[in-house]
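The values are calculated or read from the model by the stated rules, or taken from the named source; none is laboratory data. Owing to the predicted nature of the structure, the values given are computational and were not obtained by experimental measurement. Cβ placement follows ideal geometry from the backbone for every residue including glycine, while neighbour counts extend to all protein chains displayed. Ligands, DNA and RNA are stripped out before the accessible areas are found, and what is left, the full protein with its side chains, is counted by its heavy atoms. Shrake-Rupley method; radii C 1.70, N 1.55, O 1.52, S 1.80 Å.
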Amino acid sequence: MAGTAGTPGTPRVLRAMNDRAALDLLLAHGPLSRTRIGKLTGLSKPTASQLLARLEAAGLVRATGTSEGRPGPNAQLYAIDPAVAYAAGLDVTPQRIRAAVADITGRTVGEYELSTPGRRPAQPVVRQVTDALDGAVKAAGLARSDVHRLVIGTPGAFDPGTGRLRYASHLPGWHSPALLDELAAALPMPVEYENDVNLAAVAEQRLGAARGHEDFVLLWNQEGLGAALVLGGRLHRGWTGGAGEVGFLPVPGAPLVRHVTRANSGGYQELAGSQALPGLARDLGISDVPPGPHAEAAALLVARAADHADGPHRELLRAYATRLATGLASLVSVLDPELVVLSGSALTAGGEVLRALVQAELAELAATRPRLVVGEVREHPVLRGALESALAATRDEVFDTSR
(Lines give C-alpha, C1' and ligand atoms only; values in the text may rest on other atoms or scores of the structure.)
Protein backbone atom coordinates (compact mmCIF):
# COMPACT_ATOMS: atom_id res chain seq x y z
CA MET A 1 0.00 0.00 0.00
CA ALA A 2 1.35 3.46 -0.87
CA GLY A 3 2.86 5.37 2.03
CA THR A 4 3.89 2.36 4.13
CA ALA A 5 7.31 2.39 5.84
CA GLY A 6 9.08 0.11 3.41
CA THR A 7 7.70 1.40 0.11
CA PRO A 8 10.44 2.76 -2.19
CA GLY A 9 10.08 6.48 -2.94
CA THR A 10 8.03 7.35 0.16
CA PRO A 11 9.23 10.28 2.28
CA ARG A 12 10.22 7.97 5.13
CA VAL A 13 12.37 5.78 2.91
CA LEU A 14 13.96 8.79 1.21
CA ARG A 15 14.75 10.32 4.59
CA ALA A 16 16.29 7.02 5.71
CA MET A 17 18.44 6.91 2.58
CA ASN A 18 19.69 10.45 3.25
CA ASP A 19 20.31 9.55 6.89
CA ARG A 20 22.40 6.55 5.92
CA ALA A 21 24.37 8.56 3.36
CA ALA A 22 25.20 11.15 6.02
CA LEU A 23 26.18 8.47 8.54
CA ASP A 24 28.46 6.81 6.00
CA LEU A 25 30.11 10.17 5.31
CA LEU A 26 30.70 10.70 9.02
CA LEU A 27 32.25 7.22 9.21
CA ALA A 28 34.54 8.00 6.28
CA HIS A 29 35.50 11.59 7.12
CA GLY A 30 35.03 12.00 10.85
CA PRO A 31 33.35 15.11 12.34
CA LEU A 32 31.62 17.29 9.74
CA SER A 33 29.68 20.53 9.82
CA ARG A 34 26.10 20.88 8.66
CA THR A 35 27.29 22.84 5.62
CA ARG A 36 29.85 20.18 4.70
CA ILE A 37 27.31 17.37 5.04
CA GLY A 38 24.93 19.33 2.82
CA LYS A 39 27.58 19.76 0.13
CA LEU A 40 28.67 16.11 0.22
CA THR A 41 25.10 14.78 0.09
CA GLY A 42 23.65 17.43 -2.23
CA LEU A 43 21.05 18.41 0.36
CA SER A 44 19.96 21.98 1.04
CA LYS A 45 20.98 23.64 4.32
CA PRO A 46 17.45 23.33 5.82
CA THR A 47 17.24 19.66 4.85
CA ALA A 48 20.72 18.97 6.24
CA SER A 49 19.74 20.69 9.47
CA GLN A 50 16.60 18.57 9.75
CA LEU A 51 18.65 15.45 9.03
CA LEU A 52 21.18 16.21 11.79
CA ALA A 53 18.44 17.05 14.26
CA ARG A 54 16.77 13.73 13.45
CA LEU A 55 19.99 11.75 13.86
CA GLU A 56 20.85 13.59 17.08
CA ALA A 57 17.40 12.86 18.51
CA ALA A 58 17.83 9.19 17.58
CA GLY A 59 21.11 9.11 19.52
CA LEU A 60 23.18 8.29 16.43
CA VAL A 61 25.20 11.51 16.23
CA ARG A 62 26.33 14.11 18.71
CA ALA A 63 27.79 17.60 18.63
CA THR A 64 31.54 17.33 19.08
CA GLY A 65 33.05 20.80 19.02
CA THR A 66 33.44 23.50 16.41
CA SER A 67 35.59 24.05 13.34
CA GLU A 68 38.55 26.40 13.67
CA GLY A 69 41.04 28.13 11.41
CA ARG A 70 38.58 29.35 8.78
CA PRO A 71 37.22 32.85 8.13
CA GLY A 72 33.88 33.63 9.70
CA PRO A 73 32.17 32.11 12.75
CA ASN A 74 33.15 28.62 13.82
CA ALA A 75 30.73 25.92 12.64
CA GLN A 76 29.29 23.21 14.87
CA LEU A 77 30.74 19.80 14.07
CA TYR A 78 28.86 16.51 14.33
CA ALA A 79 30.17 12.97 14.69
CA ILE A 80 28.73 9.50 15.13
CA ASP A 81 28.34 8.57 18.77
CA PRO A 82 30.80 5.66 19.09
CA ALA A 83 28.79 4.11 21.94
CA VAL A 84 25.72 3.56 19.75
CA ALA A 85 26.67 -0.12 19.36
CA TYR A 86 29.60 -2.50 19.65
CA ALA A 87 30.60 -5.48 17.54
CA ALA A 88 33.08 -8.27 18.22
CA GLY A 89 35.23 -10.69 16.26
CA LEU A 90 37.10 -13.90 17.09
CA ASP A 91 39.99 -15.47 15.18
CA VAL A 92 40.25 -19.16 16.09
CA THR A 93 43.31 -21.36 15.49
CA PRO A 94 44.39 -24.62 17.15
CA GLN A 95 46.86 -22.66 19.29
CA ARG A 96 44.78 -19.71 20.45
CA ILE A 97 41.64 -17.62 20.16
CA ARG A 98 42.17 -13.92 19.54
CA ALA A 99 39.21 -11.64 20.33
CA ALA A 100 38.49 -7.95 19.82
CA VAL A 101 35.63 -5.51 20.33
CA ALA A 102 35.09 -2.39 18.22
CA ASP A 103 32.72 0.53 18.61
CA ILE A 104 30.36 1.47 15.78
CA THR A 105 32.99 3.74 14.19
CA GLY A 106 35.36 0.76 13.79
CA ARG A 107 37.80 1.75 16.54
CA THR A 108 39.05 -1.28 18.47
CA VAL A 109 38.31 -0.72 22.16
CA GLY A 110 39.26 -4.08 23.68
CA GLU A 111 41.43 -7.08 22.79
CA TYR A 112 42.24 -10.41 24.41
CA GLU A 113 44.09 -13.59 23.50
CA LEU A 114 43.32 -17.01 24.99
CA SER A 115 45.91 -19.76 24.59
CA THR A 116 44.41 -23.12 23.55
CA PRO A 117 47.36 -25.48 23.04
CA GLY A 118 47.19 -29.27 22.79
CA ARG A 119 45.36 -31.87 20.77
CA ARG A 120 42.64 -32.22 23.42
CA PRO A 121 41.14 -28.91 24.53
CA ALA A 122 41.51 -28.29 28.27
CA GLN A 123 38.11 -26.57 28.28
CA PRO A 124 34.97 -27.12 26.21
CA VAL A 125 34.86 -24.95 23.10
CA VAL A 126 31.87 -22.98 24.39
CA ARG A 127 33.89 -22.04 27.47
CA GLN A 128 36.88 -21.08 25.33
CA VAL A 129 34.75 -18.83 23.14
CA THR A 130 32.99 -17.11 26.05
CA ASP A 131 36.25 -16.65 27.97
CA ALA A 132 37.95 -15.08 24.95
CA LEU A 133 34.99 -12.81 24.25
CA ASP A 134 34.66 -11.82 27.90
CA GLY A 135 38.36 -10.98 28.04
CA ALA A 136 38.00 -8.51 25.16
CA VAL A 137 34.75 -7.13 26.56
CA LYS A 138 36.35 -6.57 29.96
CA ALA A 139 39.34 -4.85 28.33
CA ALA A 140 36.85 -2.50 26.64
CA GLY A 141 35.12 -1.72 29.94
CA LEU A 142 31.88 -3.26 28.68
CA ALA A 143 29.56 -6.16 29.48
CA ARG A 144 28.90 -9.15 27.22
CA SER A 145 25.35 -7.87 26.66
CA ASP A 146 26.73 -4.64 25.14
CA VAL A 147 27.98 -6.53 22.08
CA HIS A 148 25.47 -6.23 19.24
CA ARG A 149 26.92 -8.94 16.97
CA LEU A 150 29.78 -11.45 16.93
CA VAL A 151 31.60 -12.95 13.94
CA ILE A 152 33.81 -16.00 14.54
CA GLY A 153 36.50 -16.92 12.02
CA THR A 154 37.74 -20.52 11.90
CA PRO A 155 39.68 -22.70 9.50
CA GLY A 156 37.39 -24.70 7.21
CA ALA A 157 33.67 -23.96 7.09
CA PHE A 158 30.47 -25.00 8.82
CA ASP A 159 28.35 -27.05 6.43
CA PRO A 160 25.02 -25.21 6.03
CA GLY A 161 23.18 -28.53 5.80
CA THR A 162 24.60 -30.32 8.84
CA GLY A 163 26.04 -27.51 10.95
CA ARG A 164 29.30 -29.44 11.30
CA LEU A 165 32.75 -27.99 10.72
CA ARG A 166 34.40 -29.35 7.57
CA TYR A 167 37.89 -29.09 6.07
CA ALA A 168 39.52 -28.43 9.49
CA SER A 169 40.21 -31.71 11.25
CA HIS A 170 43.18 -30.03 12.98
CA LEU A 171 40.89 -27.80 15.09
CA PRO A 172 40.16 -29.90 18.21
CA GLY A 173 36.77 -29.73 19.89
CA TRP A 174 34.97 -27.90 17.09
CA HIS A 175 33.35 -30.86 15.33
CA SER A 176 30.36 -31.64 17.56
CA PRO A 177 27.06 -31.49 15.64
CA ALA A 178 25.53 -29.68 18.63
CA LEU A 179 28.26 -27.01 18.88
CA LEU A 180 26.44 -24.20 17.08
CA ASP A 181 23.31 -24.71 19.17
CA GLU A 182 25.41 -24.69 22.36
CA LEU A 183 27.14 -21.47 21.35
CA ALA A 184 23.80 -19.86 20.45
CA ALA A 185 22.48 -20.74 23.91
CA ALA A 186 25.56 -19.33 25.65
CA LEU A 187 25.84 -16.04 23.74
CA PRO A 188 23.24 -13.24 23.98
CA MET A 189 23.96 -11.69 20.58
CA PRO A 190 23.58 -12.94 16.97
CA VAL A 191 26.64 -14.99 15.97
CA GLU A 192 27.95 -15.59 12.46
CA TYR A 193 30.66 -18.05 11.44
CA GLU A 194 33.04 -17.50 8.54
CA ASN A 195 36.11 -19.12 7.06
CA ASP A 196 39.29 -17.43 8.26
CA VAL A 197 40.71 -16.82 4.76
CA ASN A 198 37.40 -15.33 3.64
CA LEU A 199 37.67 -12.87 6.52
CA ALA A 200 41.19 -11.92 5.48
CA ALA A 201 39.69 -11.13 2.06
CA VAL A 202 37.00 -8.97 3.71
CA ALA A 203 39.75 -7.03 5.48
CA GLU A 204 41.65 -6.47 2.21
CA GLN A 205 38.44 -5.49 0.38
CA ARG A 206 37.39 -2.96 3.02
CA LEU A 207 40.76 -1.67 4.21
CA GLY A 208 43.60 -2.95 2.05
CA ALA A 209 44.92 -3.92 -1.36
CA ALA A 210 41.55 -4.99 -2.85
CA ARG A 211 39.64 -1.77 -2.22
CA GLY A 212 37.61 -0.88 -5.30
CA HIS A 213 37.90 -4.37 -6.84
CA GLU A 214 34.84 -6.51 -7.52
CA ASP A 215 36.62 -9.66 -8.68
CA PHE A 216 39.72 -10.89 -6.91
CA VAL A 217 41.36 -13.93 -5.37
CA LEU A 218 43.18 -13.84 -2.06
CA LEU A 219 45.84 -16.54 -1.75
CA TRP A 220 46.68 -17.25 1.89
CA ASN A 221 49.65 -19.15 3.28
CA GLN A 222 50.20 -19.32 7.00
CA GLU A 223 49.26 -22.32 9.14
CA GLY A 224 47.51 -23.66 6.03
CA LEU A 225 47.25 -22.84 2.34
CA GLY A 226 43.89 -21.54 1.15
CA ALA A 227 42.14 -18.98 -0.99
CA ALA A 228 39.17 -16.65 -0.85
CA LEU A 229 37.13 -15.99 -4.00
CA VAL A 230 35.36 -12.66 -4.41
CA LEU A 231 33.15 -12.50 -7.51
CA GLY A 232 30.99 -9.48 -8.30
CA GLY A 233 31.92 -7.98 -4.97
CA ARG A 234 30.65 -10.97 -2.96
CA LEU A 235 32.41 -13.90 -1.34
CA HIS A 236 31.85 -17.16 -3.20
CA ARG A 237 31.54 -19.87 -0.55
CA GLY A 238 30.30 -22.81 -2.63
CA TRP A 239 27.63 -25.37 -1.81
CA THR A 240 29.18 -26.64 1.45
CA GLY A 241 31.34 -23.60 2.25
CA GLY A 242 34.41 -25.30 0.79
CA ALA A 243 35.13 -22.91 -2.08
CA GLY A 244 38.72 -21.75 -1.76
CA GLU A 245 40.06 -24.84 0.01
CA VAL A 246 42.85 -24.94 -2.56
CA GLY A 247 45.27 -26.75 -0.26
CA PHE A 248 43.45 -29.92 -1.33
CA LEU A 249 44.07 -29.16 -5.03
CA PRO A 250 46.05 -31.88 -6.90
CA VAL A 251 48.99 -30.21 -8.64
CA PRO A 252 51.97 -31.26 -10.78
CA GLY A 253 55.11 -31.81 -8.74
CA ALA A 254 53.37 -33.34 -5.72
CA PRO A 255 52.21 -36.94 -5.20
CA LEU A 256 48.47 -37.50 -5.24
CA VAL A 257 47.02 -37.27 -1.74
CA ARG A 258 44.00 -39.51 -1.32
CA HIS A 259 41.33 -39.16 1.39
CA VAL A 260 42.34 -35.52 1.63
CA THR A 261 39.88 -34.53 4.37
CA ARG A 262 41.16 -37.35 6.56
CA ALA A 263 44.76 -36.34 5.87
CA ASN A 264 43.82 -32.65 6.19
CA SER A 265 46.18 -31.96 3.30
CA GLY A 266 46.43 -32.17 -0.46
CA GLY A 267 48.84 -31.75 -3.32
CA TYR A 268 49.06 -27.94 -3.30
CA GLN A 269 49.45 -27.90 0.49
CA GLU A 270 52.27 -30.45 0.30
CA LEU A 271 53.96 -28.59 -2.56
CA ALA A 272 53.71 -24.96 -1.43
CA GLY A 273 52.35 -24.91 2.12
CA SER A 274 54.48 -23.32 4.82
CA GLN A 275 55.40 -26.74 6.23
CA ALA A 276 57.24 -27.56 2.96
CA LEU A 277 59.68 -24.66 3.17
CA PRO A 278 62.07 -25.90 5.90
CA GLY A 279 62.67 -29.16 4.02
CA LEU A 280 63.12 -27.30 0.73
CA ALA A 281 65.65 -25.01 2.42
CA ARG A 282 67.67 -27.94 3.74
CA ASP A 283 67.66 -29.56 0.30
CA LEU A 284 69.22 -26.38 -1.08
CA GLY A 285 71.98 -26.44 1.53
CA ILE A 286 70.61 -23.74 3.84
CA SER A 287 71.78 -24.62 7.33
CA ASP A 288 70.20 -21.86 9.43
CA VAL A 289 66.64 -23.16 9.18
CA PRO A 290 64.68 -21.60 12.05
CA PRO A 291 63.14 -23.97 14.62
CA GLY A 292 59.61 -23.69 15.94
CA PRO A 293 56.11 -23.85 14.40
CA HIS A 294 56.23 -24.22 10.62
CA ALA A 295 54.30 -20.99 9.92
CA GLU A 296 56.78 -18.90 11.89
CA ALA A 297 59.78 -20.77 10.46
CA ALA A 298 58.46 -20.33 6.91
CA ALA A 299 57.93 -16.60 7.35
CA LEU A 300 61.49 -16.18 8.67
CA LEU A 301 62.92 -18.23 5.81
CA VAL A 302 61.00 -16.26 3.19
CA ALA A 303 61.99 -12.91 4.74
CA ARG A 304 65.67 -13.91 4.80
CA ALA A 305 65.52 -15.20 1.24
CA ALA A 306 64.01 -11.93 0.02
CA ASP A 307 67.06 -10.09 1.40
CA HIS A 308 69.52 -12.19 -0.66
CA ALA A 309 70.21 -11.30 -4.31
CA ASP A 310 71.76 -14.67 -5.11
CA GLY A 311 72.90 -17.95 -3.57
CA PRO A 312 70.79 -20.73 -2.02
CA HIS A 313 68.41 -18.31 -0.30
CA ARG A 314 67.45 -16.75 -3.64
CA GLU A 315 67.12 -20.26 -5.13
CA LEU A 316 64.73 -21.05 -2.28
CA LEU A 317 62.60 -18.04 -3.13
CA ARG A 318 62.54 -18.91 -6.84
CA ALA A 319 61.55 -22.52 -6.12
CA TYR A 320 58.86 -21.33 -3.72
CA ALA A 321 57.51 -18.88 -6.33
CA THR A 322 57.31 -21.68 -8.91
CA ARG A 323 55.41 -23.90 -6.49
CA LEU A 324 52.99 -21.12 -5.64
CA ALA A 325 52.42 -20.27 -9.31
CA THR A 326 51.81 -23.95 -10.15
CA GLY A 327 48.60 -24.09 -8.12
CA LEU A 328 47.66 -20.48 -8.73
CA ALA A 329 47.70 -21.08 -12.50
CA SER A 330 44.81 -23.54 -12.21
CA LEU A 331 42.85 -21.13 -10.07
CA VAL A 332 43.20 -18.09 -12.32
CA SER A 333 42.61 -20.12 -15.47
CA VAL A 334 39.14 -21.01 -14.20
CA LEU A 335 38.21 -17.75 -12.47
CA ASP A 336 40.04 -15.13 -14.59
CA PRO A 337 40.19 -12.61 -11.71
CA GLU A 338 41.23 -9.01 -12.07
CA LEU A 339 43.51 -9.17 -9.04
CA VAL A 340 45.32 -11.71 -6.84
CA VAL A 341 46.20 -10.64 -3.29
CA LEU A 342 49.04 -12.52 -1.58
CA SER A 343 48.37 -12.73 2.15
CA GLY A 344 49.39 -14.71 5.22
CA SER A 345 52.81 -14.52 6.84
CA ALA A 346 54.50 -17.05 4.51
CA LEU A 347 53.62 -14.79 1.54
CA THR A 348 53.76 -11.25 2.90
CA ALA A 349 57.23 -11.92 4.38
CA GLY A 350 58.56 -12.11 0.81
CA GLY A 351 57.20 -8.68 -0.06
CA GLU A 352 57.69 -7.25 -3.53
CA VAL A 353 60.56 -9.62 -4.35
CA LEU A 354 58.42 -12.75 -3.97
CA ARG A 355 55.42 -11.08 -5.63
CA ALA A 356 57.47 -10.28 -8.75
CA LEU A 357 58.80 -13.84 -8.96
CA VAL A 358 55.32 -15.36 -8.67
CA GLN A 359 53.96 -12.88 -11.24
CA ALA A 360 56.68 -13.85 -13.73
CA GLU A 361 56.11 -17.58 -13.20
CA LEU A 362 52.33 -17.19 -13.49
CA ALA A 363 52.73 -15.37 -16.80
CA GLU A 364 54.34 -18.51 -18.23
CA LEU A 365 51.93 -21.02 -16.68
CA ALA A 366 48.51 -19.39 -17.19
CA ALA A 367 46.76 -17.84 -20.17
CA THR A 368 45.17 -15.10 -18.05
CA ARG A 369 47.21 -12.22 -16.63
CA PRO A 370 45.82 -11.06 -13.28
CA ARG A 371 47.76 -8.43 -11.38
CA LEU A 372 49.41 -9.71 -8.20
CA VAL A 373 49.73 -7.50 -5.12
CA VAL A 374 50.92 -8.08 -1.58
CA GLY A 375 48.23 -7.79 1.09
CA GLU A 376 48.21 -4.53 3.03
CA VAL A 377 46.39 -5.68 6.18
CA ARG A 378 49.33 -7.24 8.01
CA GLU A 379 48.23 -7.07 11.65
CA HIS A 380 45.71 -9.80 12.50
CA PRO A 381 43.91 -9.76 9.10
CA VAL A 382 41.45 -12.53 10.04
CA LEU A 383 40.40 -10.73 13.22
CA ARG A 384 40.18 -7.42 11.36
CA GLY A 385 37.95 -9.05 8.75
CA ALA A 386 35.73 -10.53 11.48
CA LEU A 387 35.30 -7.08 13.01
CA GLU A 388 34.58 -5.49 9.63
CA SER A 389 31.98 -8.15 8.87
CA ALA A 390 30.31 -7.75 12.26
CA LEU A 391 30.37 -3.97 11.98
CA ALA A 392 28.80 -3.98 8.50
CA ALA A 393 25.80 -6.00 9.69
CA THR A 394 25.53 -3.96 12.90
CA ARG A 395 25.52 -0.67 11.01
CA ASP A 396 22.84 -1.92 8.62
CA GLU A 397 20.60 -2.55 11.63
CA VAL A 398 21.47 0.40 13.85
CA PHE A 399 21.64 3.02 11.07
CA ASP A 400 18.26 2.07 9.60
CA THR A 401 16.00 5.02 10.52
CA SER A 402 13.08 3.92 8.32
CA ARG A 403 11.51 1.90 11.13
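For Tyr268, the solvent-accessible surface computed with a 1.4 Å probe is close to 0 Å², ligands and nucleic acids excluded. Can you find, among Leu142, Leu372, Val197, the residue farthest towards the positive end of the dipole of the chain? Put +1 on the C-beta of Lys and Arg, -1 on that of Asp and Glu. Of the options given, the answer is Leu142.
The figure for Thr162 is an accessible area of roughly 90 square angstrom, using a 1.4 Å probe on the protein chains alone.
DSSP assigns beta bridges within the chain; of those with both partners inside it, close to 60 percent run antiparallel.
Farthest toward the positive end of the dipole of the chain, out of Gly273, Gln222, Pro160, is the Cα of Pro160, where the dipole comes from beta carbon charges about the Cα centre. Helix-derived [θ] at 222 nm for the chain: sum -39500 (n - 2.57) over DSSP H runs of at least 4, divide by residue count, nearest 500? Here the helix-only value at 222 nm equals -13000 deg cm²/dmol. Be a star and scan region 334-363 for residues whose amide nitrogen sits under 19 Å from the point 7 Å along the Cα-to-Cβ vector of Ala309. Residues 351-357 fall inside that zone. Reported value for region 163-247: 116 Å³ per residue, from the convex hull of its C-alpha atoms. Using the 1.4 Å probe convention, the accessible area of the chain works out to 46 Å² per residue with neighbouring protein chains retained.
Over region 276-403, all Cα pairs binned in 10 Å intervals from 0 give whole-percent P(r) values of 12, 34, 29, 15, 7, 3, 1, listed from short to long. Here His259 sits with roughly 120 square angstrom of accessible surface, probe radius 1.4 Å. With contacts defined as alpha carbon pairs under 8 Å and 6 or more residues apart, what's the relative contact order of region 6-52 in percent? The normalised contact order for region 6-52 reaches 31 percent. For the pair His259 and Ala28 in one chain, pulling the backbone fully straight at 0.36 nm per residue adds 78.4 nm over the alpha carbon distance. Stretching the chain fully between Ala139 and Ala57 yields a gain of 26.5 nm (0.36 nm per residue, less the alpha carbon separation). Placing dummy labels 7 Å off each Cα toward the beta-carbon, the span from Glu182 to Thr162 is 1.7 nm.
Residue ranking by accessible heavy-atom surface, 1.4 Å probe, largest first, among Leu114, Leu256 comes out as Leu256, Leu114. Among Arg371, Arg258, the order of accessible area from largest down is Arg258, Arg371, computed with a 1.4 Å probe on protein heavy atoms. The largest accessible area among Val257, Val61 belongs to the first residue in Val257, Val61, and the rest follow in falling order (1.4 Å probe, all chains).
Each label was represented as a point 7 Å from its Cα along the Cα-to-Cβ direction; for His170 and Leu14 these points are 5.7 nm apart.
With r defined as the distance between the Cβ atoms of Ser44 and Trp239 and R0 fixed at 56 Å, what FRET efficiency is calculated, to the nearest 0.05? With a Förster radius of 56 Å, E is 0.65.
In terms of the Cα gyration tensor, with a ≥ b ≥ c the square roots of its eigenvalues, is region 202-244 rounded because a/c is under 1.5, prolate because a/b exceeds b/c, or oblate? It is oblate, given that a/c is not under 1.5 and a/b is not larger than b/c. Rolling a 1.4 angstrom probe over the chain with all protein chains present gives an accessible area of which 51% lies on carbon and sulfur atoms.
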